[in-house]
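A.B. asks: I'd like to ask you about the structure that follows.
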Amino acid sequence: MLDPLSLVRLNDGVVDDAGLQGLGLVVALDGHADAGRAIRQVRAELLDTLDPVLVATFDADQLVDYRSRRPQVSFLGDHFADYQAPRIELFRLTDGLGKDFLLLTGPEPDLQWERFASSVVLLAGSLNVRLAASFGAVPMPVPHTRRLGVTVHGNRPDLGEGISTWNPTAEVPASAPQLVEMRLIEAGRDAVGYSLHVPHYLADAEYPQAAVAALEFLGAALGLGLPTDRLREAARRIEGEIDAQVAGSEDIQRMVSRFEERFDDHVPDTERRSLLLDPNDDVPDGEDIASAAEAFLSGRAPEGGPDETGG
């Protein structure tokens, strides 16, 4: 393997700051599992509101397959400009409580996963990262009328106790963040990951509820006060749009009812509709459920999307 740290360009004016030592690390690499566009929303919210300071940049030319994920460029009448090169970066951010943490973000590498993971492990060691927390969102045959489920993984069982709603044994396609988590644990670092379960008929739309849940889990794990107000408001607007769109459908109502039954059988505590609602809020009736589901299936999900079994 080529030198992993040759992938990394450090910001010398920042990296030697003693305040970088012993921080928590959020891993938010976009490209594999981002149902509801959760990763993109979380990344945008953190970078827009928490005064990011660049700590390190990774050599995206070595890591990204441009032909499979072509960058954008602007054409201005007679010439090209504003080439948007992919960027994989490590930032220091400061939460609303004045606590610093690190954010590794950008596109998930297509190439050289082991070398990339090794570079992250070496950086984590040099910065004495106390806990690395990653997250993703996967489409699942679950109803939007129940709280978002989550699968917690890593080597910190205390951070998943009473939280995980589904912990299967299965073979799944791998991702670079998963490999980073494994290599950090092998190197003796603490790591935790949260895989959120997004209703598959909402997976292709921007679903702020998933981003809110991710920020809540990350904040609890790392002891941070992460911003959610704007995303909560966006989620309320989305729910309003769902209710206002298409009238009820018996087929969709039956589908969602089956999802509810399966969810209730597996997760008894379903009093909350989502992380946006208080325990005293009412679950919508069948007409509201059907209207919401059909609105997204007919107006937001792509044609030929998954069937009710999630296939």
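A.B. asks: I'd like to know if the range 104-126 contains one or more residues that are at pLDDT below 95, acidic (Asp, Glu) and closer than 25 Å to ALA211 by Cα.
C.D. replies: no
A.B. asks: Among the residues of the range 1-44, what is the count of those that are closer than 14 Å to ARG92 by Cα and not aliphatic (A, V, I, L, M)?
C.D. replies: Residues flagged as closer than 14 Å to ARG92 by Cα and not aliphatic (A, V, I, L, M) within the range 1-44 amount to 10.
A.B. asks: A further question follows. Test GLU206 against the stated conditions and say whether it is farther than 22 Å from VAL120 by Cα, within 20 Å of the chain's Cα centre (by Cα) and modelled with pLDDT of 95 or more. Outline the logic, then answer.
C.D. replies: Values: farther than 22 Å from VAL120 by Cα: yes; within 20 Å of the chain's Cα centre (by Cα): yes; modelled with pLDDT of 95 or more: no.
So GLU206 does not fit the description; no.
A.B. asks: Pick out the one residue from ARG43, ARG69, ARG37 that is touching a residue at least 40 places away in the same chain (Cβ under 8 Å), under 29 Å from ASP12 (Cβ atoms) and basic (Lys, Arg). Full working, then the answer.
C.D. replies: Numbers: ARG69 fails: under 29 Å from ASP12 (Cβ atoms); ARG37 fails: under 29 Å from ASP12 (Cβ atoms).
Residue meeting the stated conditions: ARG43.
A.B. asks: Further, regarding this structure: Which numbered condition trips up VAL142, out of (1) out of contact with any Phe, Trp or Tyr (no Cβ under 7 Å at 6 or more places or on another chain); (2) crowded, with 22+ Cβ neighbours inside 10 Å; (3) among the β-branched types (Val, Ile, Thr)?
C.D. replies: All conditions pass for VAL142, except number (1).
Listed here are the residues, each with its yes/no results for (1) among the acidic types (Asp, Glu); (2) touching a Lys or Arg at 6+ places or on another chain (Cβ under 8 Å); (3) farther than 29 Å from LEU5 by Cβ.
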| site | (1), (2), (3) |
| --- | --- |
| TYR83 | no, no, no |
| GLY96 | no, no, yes |
| GLY106 | no, yes, no |
| PRO109 | no, no, no |
| LEU122 | no, no, no |
| PRO141 | no, yes, yes |
| THR145 | no, yes, yes |
| THR169 | no, no, yes |
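A.B. asks: Scan the range 220-278 residue by residue and report those that are of a type in the set (A, V, I, L, M) and at pLDDT 85 or above.
C.D. replies: Listed by number, the residues that qualify are ALA220, ALA221, LEU222, LEU224, LEU226, LEU231, ALA234, ALA235.
A.B. asks: Listed residues ASP34, ASP30, ASP17; which is in the same structural domain as SER119 (by TED's automatic domain parsing) and either among the hydroxyl-bearing types (Ser, Thr, Tyr) or more than 30 Å from TYR201 (Cα to Cα) (or both)? Even if it seems obvious, please write down each step before you answer.
C.D. replies: Working: ASP34 fails: either among the hydroxyl-bearing types (Ser, Thr, Tyr) or more than 30 Å from TYR201 (Cα to Cα) (or both); ASP30 fails: either among the hydroxyl-bearing types (Ser, Thr, Tyr) or more than 30 Å from TYR201 (Cα to Cα) (or both).
On inspection, the qualifying residue turns out to be ASP17.
A.B. asks: Would you point out which residue out of THR145, THR151 is touching a His at 6+ places or on another chain (Cβ under 9 Å), under 26 Å from ASP204 (Cβ atoms) and among the polar types (S, T, N, Q)?
C.D. replies: THR151
The values are calculated or read from the model by the stated rules, or taken from the named source; none is laboratory data. Values in this document were obtained by computation on a predicted structure and should not be read as measured data. Don't worry about glycine lacking a Cβ; one is built from the backbone with ideal geometry, like all the others, and counts go over all protein chains shown.
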